[in-house]
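Novice: This is the structure, below, for whatever I ask next.
The values are calculated or read from the model by the stated rules, or taken from the named source; none is laboratory data. What you see is a predicted model, and the numbers here were worked out from it, not measured in a lab. Glycine gets a Cβ as well: all are built from the backbone with ideal geometry, and neighbour counts include every protein chain shown.
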Amino acid sequence: MFPAIPNPPVTPPAPKFGEADLVRRSASEVTPPATRLTEVAKLIDVSKCIGCKACQAACIEWNNLHEEIGYNTGFYTNPPDLTENSFTLMRFTEWVNPETDNLEWLIRKDGCMHCADPGCLKACPSPGAIVQYSNGIVDFVHENCIGCGYCIKGCPFNIPRISKVDHTAYKCTLCSDRVAVGQGPACQKACPTQAIVFGTKDEMKDWADFRIKDLKSRGYDNAGLYDPQGVGGTHVMYVLQHADKPSLYAGLPDNPRISPLVETWKGVTKYVGLAAMGFAVAAGFVHHLIAGPNRVSPEDEAEAEKLAGGKPT
Amino acid sequence: MNMELSRRAFLRTAGAGLAGTTLGAMGFGEVEQAMAAAIRPFKLANTTETRNTCTYCSVACGIIIYSKGDLRKGERADITHIEGDSDHPTNRGTLCPKGAALLDIVHAKTRLTRPMLRKAGAASFEPISWDEAFDKIARAMKDDRDANFVATNKDGVTVNRWTTTGFLAASATTNETAWCTYKVVRSTGMLVFDNQARV
Amino acid sequence: MSRDRTRPIIMPNAVPAAVPADVEPGDAVHPGKPVTVDRYSGAARINHWITAVSLVLLALSGMALFTPKLFFLTGLFGGGQWTRAIHPWIGVVLFFSFMGLFFRFWRANLPAREDGVWVARISDVLGGHEERLPEVGKYNAGQKAVFWSMSALILLLITSGIVMWDQYFYSFTTIEQKRVAILAHSIAAVVAICVWIVHVYAAIWVRGTLSAMTRGHVTGGWAWRHHRKWLRELVQKPGRRTPAE
Amino acid sequence: MTNAWTDIKNTDLVVIMGGNAAEAHPCGFKWVTEAKANRGAKLIVVDPRYTRSAAVSDYYAPIRQGSDIAFLLGVINYCIQNDKVQWDYVKAFTNAAYVVKDGFAYQDGLFTGYDEVKRDYNRSSWDYVIGEDGYAVVDETLQNPRCVWNLLKQHVSVYTPEMVNRICGTPKDKFLKICEMIAECSSPTRTMTSMYALGWTQHSKGAQNIRAMAMVQLILGNIGVRGGGMNALRGHSNIQGLTDLGLMSNLIPGYLTIPTEKEADFPTYMSTRGFKPLRPNQMSYWQNYRKFFVSFQKAMWGAAATPANDYAYQWLPKLDVPSYDVLRAFELMHQGKMNVYFCQGFNPLQAFPNKAKLAESLARLKLLVIMDPLETETARFWENHGIYNAADPAAIQTEVIQLPTTCFAEDEGSLVNSGRWLQWHWPAGSPPGEARTDSFILANIHLRLKELYRKEGGAFPDPILNLTWNYANPEEPTADELAKEMNGYVVSDVLDPNDPTKKVLEAGKQLATFGALRDDGSTAAGCWIFTGCYTEAGNMMARRDNSDPGDTGTYLKWSFAWPANRRILYNRASCDLDGKPWDPSRKLIEWDGTKWSGYDVPDIAPTAKPRDVGPFIMNPEGVSRLFTRGMMRDGPFPAHYEPFESPVVNVIAPKIKGNPVARVFKDDLAQFAETASPEFPYAATSYRLTEHFHYWTKNNHVNSVLQPEFFVEISEELAKEKGIANGGWSRVWSKRGSVLAKTVVTKRIRPLVCDGKTVHIVGIPIHWGFIGAARKGFGANVLTPYVGDANIETPEFKAFLVNIEASAGPASA
């Protein structure tokens, strides 16, 4: 089995990464760190997942979240969607494989993918509300969050949610507080079947290879790793039995990338827009310099008097 | 800083797949003392750890209970967090959705906090002291036992049984409690005695 | 400064059929030296300035969220959270306020025959050679363009704004729709700001204009020079309604 | 479990049938995924529903609930027909060669000796032929037509793949594929493990379901080996311990039995418990019964248990019926024959069948005492909760005392896991409010009762007055004190018979092993199988060394496993006749020429020579039993019986309804739907969900978030037929009650075709009630029938009949 991470310390060392390890910071520039941390990743092996929701419970408990008790809506997915209090969610899909005619119950743990090229961060207008560490963790800094929801539009995976209470955006932090003291995320710790494992990204890729070989030996010819390059790769990866069809798994994007609309909005629109406004102001100045003020002459006044005066009532 | 974390014996013998994850290699090169604004303070800092066993099924996962305050020092202890014990051979730190949410059963709103009595025909419970409760229970047992104890059956065989009072024993109490229960119940000659083994 | 009420007032009489579309209630000529012409009633001015202030606040708060370089502007609103929260509400104020302006001014902004010529001679407009331009009514083609583009943009802004207003309307649209909305909103906002710049610049460049929105009236000379047709209409033709005041 | 959770990683094939390990035991199921990932093991799931276990299986086949025996006997038939038998194992380690008495036969669904009126068998013919030497007659050539193997062969011959398909609804090709996969494990180097739970026990023939698989495992040679075994996945954290400690009407700790009234005195009692070996030289461990019994009596009554009073034999109550299990208790209550009832951490109003009957029964008590950390429905059975619990408090005269207890996080002691490990835990938090430990409560009840008897006298007070109660604080015995008592201690010095100057045992010392127990009153032990858990060396249950030499998964230094720290039961059977491992790559223990040793504590005397002593020392034969003699009430072989409520008639024996010897109370019989009832056409089954634990976690906010509301599950086909929408409300009713539930329409349930008839399945999770954080809902037990297994009275929760229709939601929803 994948070696368990030792129990958490009660006298933790100082956090092992911080401000100096930022590689991206929303709406602001950062000085690239002198040395980059090794990239970490969480690997979710869908083929080992039993959909028990231990990850959901562990996430709620570790992060002191308070999710509402909902209703049964005809599905095992509870709550029915990610919320500001549910950073992760098991999504259940019943799929009859047309090739074998066998039912497959595809259960995917949804949550932040910690993209190498995070759309949320790109969209965020607030300096420092979203940060990316050189180990790959994309984290929300609530003190800086203004609750605009742009991250929701930026995210190719539909992950962040805005709290109705404090109006800031929430999502999986990859348990940055745990990782900072050498632990894995709470969901990974809990996962009974080790469908979730955590380590360096390279280790996770190796482990995925090991798993994919096993799946291929069991007839899953299209088993593979989901580490979508459209977002530069992710720090949460999936092993899928049907890696050729990610969208089978409750709509996991087949080829996720930051939406061109968002790229346009945060890219060309920003620059062209500022330029246009600047141009308009400059044009006014230039015009004024050249044309001078458009004044009313005494003749005009006289004409008006003539006109008005000539027609007494 | 060297983040190579000490491995327990079973980790050393873990043979499968990889040579073992190296958290130390996660690139936590030089210690950065600066606290990142994004990273919450580690919430288990300065808590007391206690080894325990999950109360639900009989996989009997090892858990660690974290509390503010230490019972061993005679302090009041408030439980703040529970997670799996990585040293445990069976669960290796993992927990199921019930185990992972144990904290909320310890602190459930429906935990009982004082003895209560519901009188015949009453529409609600009312508080009662422990002493009153015990006296009432002992009295009821004695009265029933004295009235209904069967010393000999119709063939004259000594049977010493009591079947008008029954005891349904728990499924999550300790062996020690169970033994204590067995002694108390069996010494009265009670036969209507069962546990939760079937459901 | 209040108008000299001792002067006689030339006021359009109530002969509805004859009133041109660009003569609005309250428009009136006061003969004298100089002639003054009432251009905007008090209500219209209040309406305009509410709109104007809203628009400026929206521009500032919107720009703060539009580009990190201007994020500091959130300081004007009490920080990012306040900026985010208040911007859509100002938008609602702007929308309704502008609706007031729209219903007040839309008739006067209907296209007129001379608009084509005016546009064709735009270089004379920019050069200040108004003698080479046709006589125009209460609004020239440029002003009409500002009016109609602002109307369209504000409609687009409020619609897209509501789609983006997650606090209340998150569940009504898809994320893709929100993305379209946010792009449309930002482009519309940029254009609107550019239009606004033109509008403000024109008011500054054409001296004597500001008083129309501050004091409500302009000089006869100003009207003669810039909106001669309108002036003639006011002098010659009776109005449709009695003014509000 | 014969094996341990951690041993499952050693298997080649996991069969999950009669359980849903991924759902109910996720962290134990981890070891299945380990076996799959590292050994290339395969997982087979056979279940009426495509479960969470099935989601990660290699092969799934559906089966109609209540037809498992037909399936398993079909597997045995397949193995016999195709010679997929581990012959060396079967011949040496099972009773295949034993010759059975001539009177024994099976016909039309019944074994010899049936009495229809008593609903019981005269089991005298169900036994071996005993030779003149006093030993059982054996034909090692298996030629004798009366030997167990040939009787078995004949018995299972009717369960052909076609018959299995007719009874179970399992498609023939799927059944044969599974047979093939299972049969591969007849090789000595391939093992299969069976993981089951209440999916097998909660039937009127539950014990026989398990026997059937145990027989498969014996034929394949999979008992006693690493990665094999019969693994009962116990449901509660210490239900194994509670059972080990005999908290049942008919048990004494360590699986000793309470006397019946036929056993008027101690010698009579002991006469049927001699367990004389049935083969020459065989070790029959139960021959030590008297030592265990006397030591128990000494632990109970100390100095008052003397040779003169037969160690207080008469102080134990004697049974007039086989057992006073919970079903009988509520039946007696219902008849007004009970006055006081204690519920300790137990919520019977939700946990037992036919809620209406349970509520009526509780209302006939004088006093109900609840000891629980949490609010329960039982404690509030008298409270009106509308449709969920329509009660009239004014009409209910039962007094209820509700006592707040500590929970796991606040108490200390040991729990026995499914693999028989006794694991110690420590208290971590202060109890809420005035909550107290159970031992405080029981001690106080005992002390006050004793005081009343001391003062007032009364009915036979001796066992109460003389109960050993020498705890430092009599009001609250500590866990350590109680554990030491269970383990056992020396009462009086025992001298070496060869050298009377030497003490073999010294008074006051803790015993190290049950081998030291004596039948002369010089030792005391509360529970002999636990002896060794708390010795002079300290608390063995608190050991936390997780080293595992050889990577076998035995963890001998972690906690303590009963018996004698043994991790895999019958481990002698992991070796061939000469004591060499069947599979050298999976060595567990080994005979080195002079003794047994290895990674586990040998399940046999360390010096018992391989060919001399059979491995199954708890049986007087020394071998395991394919034919179980008279040990089970409903037959020495399993036979297919339908559930009491079945959608189809019994194909094998059309005249028989249910299990012919299961106990049915008169009033309950009228509340069963008839076989193939048009009024109740659908086959229902109740079960757990992974998000919840019984009726506890509905008190837990987080678990209530994960599964908030009561629902039932039906197939798309049935939903269409009945016009029920996914997520919509439906009403489900049986002959005993009616519930409203949200409906989950799923592809995971499919109608089965059994003997030409389409059988629709309705799945009913059990976790909701009218108390707690989750949404109010109904318990599945509103619907379930009041009947238990013929041997151990486990209620038939897994197979009953209902009807279903689309419905409006509850008015208050």
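Novice: Name the single residue that is nearest to the other protein chains (Cβ to nearest Cβ) among those in region D:394-430 being hydroxyl-bearing (Ser, Thr, Tyr) and over 23 Å from the mean Cα position of the chain (by Cα).
Specialist: The initial filter retains those residues of region D:394-430 that are hydroxyl-bearing (Ser, Thr, Tyr), namely D:398, D:405-406, D:414, D:418, D:430.
Keeping just the survivors that are over 23 Å from the mean Cα position of the chain (by Cα) gives D:398, D:405-406, D:430.
Working: D:398: 7, D:405: 7, D:406: 10, D:430: 5 Å.
Taking the candidates together, the pick is D:430.
Novice: Could I ask something else about it? Kindly establish whether residue D:731 is of a type in the set (Lys, Arg) and within 14 Å of chain A (Cβ to nearest Cβ). Show your work before the answer.
Specialist: On the way: of a type in the set (Lys, Arg): yes; within 14 Å of chain A (Cβ to nearest Cβ): no.
Criteria not met by residue D:731.
Novice: Counting only residues that are in a loop (DSSP other than H, G, I, E, B), at pLDDT 95 or above and away from chain B (no Cβ under 12 Å), how many does region A:17-57 have?
Specialist: Adding up the residues that qualify gives 1.
Novice: If you don't mind, there's one more thing I want to ask. Tell me which residues, restricted to region D:16-30, are more than 8 Å from every other protein chain (Cβ to nearest Cβ) and either assigned to a helix (DSSP H, G or I) or within 25 Å of residue D:599 (Cβ to Cβ) (or both). If you could, list the steps in order and put the result at the bottom.
Specialist: The first filter runs over region D:16-30 and keeps only residues more than 8 Å from every other protein chain (Cβ to nearest Cβ), leaving D:16-21.
The one that is more than 8 Å from every other protein chain (Cβ to nearest Cβ) and either assigned to a helix (DSSP H, G or I) or within 25 Å of residue D:599 (Cβ to Cβ) (or both): D:21.
Novice: Among the strands (runs of 3 or more DSSP E) lying completely within region B:103-175, list those that include at least 2 residues that are facing another protein chain (nearest Cβ under 7 Å). Even if it seems obvious, please write down each step before you answer.
Specialist: Numbers: elements: B:116-118, B:150-152, B:158-168.
Result: B:116-118, B:158-168.
Novice: Same structure, new question: Does residue A:198 fit the bill of being under 26 Å from residue A:143 (Cβ atoms), in contact (Cβ under 8 Å) with a residue 24 or more places away in the chain and not charged (D, E, K, R)? First the steps, then the outcome.
Specialist: Working: under 26 Å from residue A:143 (Cβ atoms): no; in contact (Cβ under 8 Å) with a residue 24 or more places away in the chain: yes; not charged (D, E, K, R): yes.
The answer is no for residue A:198.
Novice: Same structure, new question: Filter region B:148-179 down to the residues that are over 30 Å from residue D:766 (Cβ atoms) and in contact with a Ser or Thr (Cβ under 8 Å, 6 or more places away or on another chain), then identify the one that is surrounded by the most Cβ atoms within 10 Å (Cβ to Cβ).
Specialist: B:159
Novice: Give the residue, chosen from A:250, A:282, that is more than 14 Å from chain C (Cβ to nearest Cβ), among the hydrophobic types (A, V, I, L, M, F, W, C) and either more than 24 Å from residue A:77 (Cβ to Cβ) or surrounded by fewer than 22 Cβ atoms within 10 Å (Cβ to Cβ) (or both).
Specialist: On the way: A:282 fails: more than 14 Å from chain C (Cβ to nearest Cβ).
Answer to the check: A:250.
Novice: Which one is nearest to residue D:41 (Cα to Cα) among residues in region A:224-247 that are away from every other protein chain (no Cβ under 13 Å) and touching a Ser or Thr at 6+ places or on another chain (Cβ under 9 Å)?
Specialist: Going through region A:224-247, the residues away from every other protein chain (no Cβ under 13 Å) turn out to be A:224-234, A:236-238, A:240, A:242-247.
Okay, now just the ones that are also touching a Ser or Thr at 6+ places or on another chain (Cβ under 9 Å), so A:226-228, A:240.
Details: A:226: 25, A:227: 28, A:228: 31, A:240: 20 Å.
Step by step, filter region A:224-247, then rank; the result is A:240.
Novice: Quick one: count up the residues across region B:58-92 that are part of a loop (DSSP other than H, G, I, E, B) and either within 19 Å of residue A:187 (Cβ to Cβ) or in contact (Cβ under 8 Å) with a residue 24 or more places away in the chain (or both). Working first, answer last.
Specialist: Let us first name the residues in region B:58-92 that are part of a loop (DSSP other than H, G, I, E, B), namely B:58-61, B:69-70, B:74-77, B:85-92.
Within this subset, residues satisfying the condition of being either within 19 Å of residue A:187 (Cβ to Cβ) or in contact (Cβ under 8 Å) with a residue 24 or more places away in the chain (or both) are B:59-61, B:77, B:85-92.
The number of residues fulfilling the criteria is 12.
Novice: Please identify the pairs in which a residue from region A:3-16 that is facing chain B (nearest Cβ under 7 Å) has its Cβ atom under 6 Å from the Cβ atom of a residue that is surrounded by fewer than 22 Cβ atoms within 10 Å (Cβ to Cβ) and outside any loop (DSSP other than H, G, I, E, B), counting only partners at least 6 apart or on another chain.
Specialist: Close Cβ pairs (under 6 Å, with a partner that is surrounded by fewer than 22 Cβ atoms within 10 Å (Cβ to Cβ) and outside any loop (DSSP other than H, G, I, E, B)) amount to A:3/B:11; A:10/B:49.
Novice: Now, a different point. Of the residues D:227, D:169, D:199, only one is within 29 Å of residue B:196 (Cα to Cα), crowded, with 24+ Cβ neighbours inside 10 Å, in contact (Cβ under 8 Å) with a residue 60 or more places away in the chain and more than 20 Å from the chain's Cα centre (by Cα); which? Even if it seems obvious, please write down each step before you answer.
Specialist: On the way: D:169 fails: within 29 Å of residue B:196 (Cα to Cα); D:199 fails: more than 20 Å from the chain's Cα centre (by Cα).
Every option except D:227 fails the conditions.
Novice: Then there is this: Which of the residues spanning region D:47-102 are surrounded by fewer than 24 Cβ atoms within 10 Å (Cβ to Cβ), assigned to a helix (DSSP H, G or I) and hydroxyl-bearing (Ser, Thr, Tyr)?
Specialist: Of everything in region D:47-102, just one residue is surrounded by fewer than 24 Cβ atoms within 10 Å (Cβ to Cβ), assigned to a helix (DSSP H, G or I) and hydroxyl-bearing (Ser, Thr, Tyr), namely D:78.
Novice: Mind listing just one residue for me: the one in region A:253-279 that is within 30 Å of residue A:228 (Cα to Cα) and exposed (fewer than 14 other Cβ atoms within 10 Å of the Cβ) and, of those, farthest from the chain's Cα centre (by Cα)? If you could, list the steps in order and put the result at the bottom.
Specialist: Taking region A:253-279 as the starting set, the residues that turn out to be within 30 Å of residue A:228 (Cα to Cα) are A:253-271.
Still in the running and exposed (fewer than 14 other Cβ atoms within 10 Å of the Cβ): A:254-255, A:260, A:267-268, A:271.
Values: A:254: 16, A:255: 15, A:260: 16, A:267: 18, A:268: 22, A:271: 24 Å.
Among residues in region A:253-279 that are within 30 Å of residue A:228 (Cα to Cα) and exposed (fewer than 14 other Cβ atoms within 10 Å of the Cβ), the one farthest from the chain's Cα centre (by Cα) is A:271.
Novice: Give the residues of region A:246-277 that are part of a loop (DSSP other than H, G, I, E, B) and over 30 Å from residue C:70 (Cα atoms), sorted by residue number.
Specialist: Taking region A:246-277 first, the residues part of a loop (DSSP other than H, G, I, E, B) are A:249-259.
Hits for region A:246-277 are A:249, A:250, A:251, A:252, A:253, A:254, A:255, A:256.
Novice: Go through (1) more than 9 Å from chain B (Cβ to nearest Cβ); (2) closer than 19 Å to residue D:411 by Cβ; (3) surrounded by 18 or more Cβ atoms within 10 Å (Cβ to Cβ) for residue D:488 and report which single condition fails.
Specialist: (2)
Novice: What are the residues in region A:255-313 that are among the basic types (Lys, Arg), free of Cβ contacts under 8 Å to residues at least 40 places away in the same chain and within 30 Å of residue A:125 (Cα to Cα), if any?
Specialist: Within region A:255-313, the first condition is being among the basic types (Lys, Arg), and the residues that meet it are A:257, A:266, A:270, A:295, A:306, A:311.
Then drop every residue that is not free of Cβ contacts under 8 Å to residues at least 40 places away in the same chain, which leaves A:270, A:295, A:306, A:311.
Hit for region A:255-313 is A:270, nothing else.
Novice: Determine which member of the set A:65, A:103 is within 21 Å of the chain's Cα centre (by Cα) and either free of Cβ contacts under 8 Å to residues at least 60 places away in the same chain or within 7 Å of another protein chain (Cβ to nearest Cβ) (or both).
Specialist: Values: A:103 fails: within 21 Å of the chain's Cα centre (by Cα).
One residue alone meets the criteria, A:65.
Novice: How many residues are part of a loop (DSSP other than H, G, I, E, B), exposed (fewer than 15 other Cβ atoms within 10 Å of the Cβ) and of a type in the set (Val, Ile, Thr) if we restrict to region D:103-130?
Specialist: The number of residues fulfilling the criteria is 1.
Novice: Moving on. Scan region A:191-222 residue by residue and report those that are more than 23 Å from the chain's Cα centre (by Cα), hydrophobic (A, V, I, L, M, F, W, C) and more than 9 Å from every other protein chain (Cβ to nearest Cβ).
Specialist: Hits for region A:191-222 are A:212, A:215.
Novice: Going by the conditions given, is residue D:447 more than 30 Å from residue D:557 (Cβ to Cβ) and either in a helix (DSSP H, G or I) or polar (S, T, N, Q) (or both)? Write out each step before concluding.
Specialist: Working: more than 30 Å from residue D:557 (Cβ to Cβ): yes; either in a helix (DSSP H, G or I) or polar (S, T, N, Q) (or both): yes.
Yes.
Novice: Anything in region C:49-73 that is modelled with pLDDT under 95 and polar (S, T, N, Q)? List them, or say none.
Specialist: C:67
Novice: Follow-up. Could you grab me the full set of residues in region C:11-45 that are touching a Leu at 6+ places or on another chain (Cβ under 7 Å) and either modelled with pLDDT of 85 or more or surrounded by 22 or more Cβ atoms within 10 Å (Cβ to Cβ) (or both)? Give the steps one after another, and end with the answer.
Specialist: Let us first name the residues in region C:11-45 that are touching a Leu at 6+ places or on another chain (Cβ under 7 Å), namely C:12, C:21, C:23, C:27-29, C:37.
Residues satisfying the conditions are C:12, C:23, C:27, C:28, C:29, C:37.
Novice: For region D:264-348, give me every one of the helices (runs of 4 or more DSSP H) that falls completely inside it and has 2 or more residues that are without any contact (Cβ under 8 Å) to a residue 60 or more places away in the chain, of a type outside the set (A, V, I, L, M, F, W, C) and touching a strand residue (DSSP E or B) at 6+ places or on another chain (Cβ under 6 Å).
Specialist: On the way: elements: D:266-271, D:289-301, D:326-334.
Fully inside region D:264-348 and qualifying: nothing.
Novice: Condition first: crowded, with 20+ Cβ neighbours inside 10 Å and part of a helix (DSSP H, G or I). Now tell me which residues in region A:230-245 satisfy that.
Specialist: Within region A:230-245, A:231 is the sole residue that qualifies.
Novice: Among the listed residues D:167, D:178, identify the single one that is within 27 Å of residue D:754 (Cβ to Cβ), assigned to a helix (DSSP H, G or I) and touching an Asp or Glu at 6+ places or on another chain (Cβ under 9 Å).
Specialist: None of the other options fit; the residue is D:167.
Novice: Let me ask something else. Going by the conditions given, is residue D:452 farther than 28 Å from residue D:515 by Cβ and surrounded by fewer than 24 Cβ atoms within 10 Å (Cβ to Cβ)?
Specialist: Values: farther than 28 Å from residue D:515 by Cβ: yes; surrounded by fewer than 24 Cβ atoms within 10 Å (Cβ to Cβ): yes.
Criteria met by residue D:452.
Novice: Which members of region A:88-106 meet the condition of being surrounded by fewer than 21 Cβ atoms within 10 Å (Cβ to Cβ) and not in a strand (DSSP E or B)?
Specialist: Scanning region A:88-106 gives A:97, A:98, A:99, A:100, A:101, A:102.
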